[in-house]
Amino acid sequence: MTTEETLEHILGSVEDLVSNFLYYDRKEDEDLPVGKIEEMIKDKNISIDELVERFRQALMKNLGAE
């Protein structure tokens, strides 16, 4: 696999993470059902920037790059 193909695979996986985060992982979650995250963003209880920052922090921590 070329570097470009690997990069596309990684970025595609990020898109899959978003789909899972917003929908598939929510389908049977009673505490955080489908649509609740979007509702919280719409109501300004949390921002997309806050979600992205938390993802960045978790990624950095798991890569040992804190």
Go through segment 1-43 and give me each residue that's more than 19 Å from Phe55 (Cα to Cα) and β-branched (Val, Ile, Thr).
-> Thr2, Thr3, Thr6, Val34
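Restricting attention to segment 38-66, which residues are in contact with a helix residue (DSSP H, G or I) (Cβ under 6 Å, 6 or more places away or on another chain) and at pLDDT 95 or above? Don't jump to the end; show me each part of the working.
Of segment 38-66, the ones in contact with a helix residue (DSSP H, G or I) (Cβ under 6 Å, 6 or more places away or on another chain) are 46, 66.
Answer for segment 38-66, where residues must be in contact with a helix residue (DSSP H, G or I) (Cβ under 6 Å, 6 or more places away or on another chain) and at pLDDT 95 or above: just Ile46.
Inspect all residues belonging to segment 47-56 and state whether any of them is among the β-branched types (Val, Ile, Thr) and either surrounded by fewer than 10 Cβ atoms within 10 Å (Cβ to Cβ) or in contact (Cβ under 8 Å) with a residue 60 or more places away in the chain (or both). Break it down into steps so the answer makes sense when it comes.
The initial filter retains those residues of segment 47-56 that are among the β-branched types (Val, Ile, Thr), namely 48, 52.
Pick out the ones that are also either surrounded by fewer than 10 Cβ atoms within 10 Å (Cβ to Cβ) or in contact (Cβ under 8 Å) with a residue 60 or more places away in the chain (or both) and you get 48.
Checking segment 47-56: at least one residue is among the β-branched types (Val, Ile, Thr) and either surrounded by fewer than 10 Cβ atoms within 10 Å (Cβ to Cβ) or in contact (Cβ under 8 Å) with a residue 60 or more places away in the chain (or both).
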Select from segment 3-43 the residues that are assigned to a loop (DSSP other than H, G, I, E, B) and surrounded by 10 or more Cβ atoms within 10 Å (Cβ to Cβ) and list them in ascending order.
-> Asp25, Arg26, Asp29, Leu32, Pro33, Val34, Gly35
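The values are calculated or read from the model by the stated rules, or taken from the named source; none is laboratory data. Please read all numbers here as calculations on a predicted model, not as lab measurements. All Cβ positions, glycine included, derive from the backbone under ideal geometry; neighbour counts span all protein chains shown.
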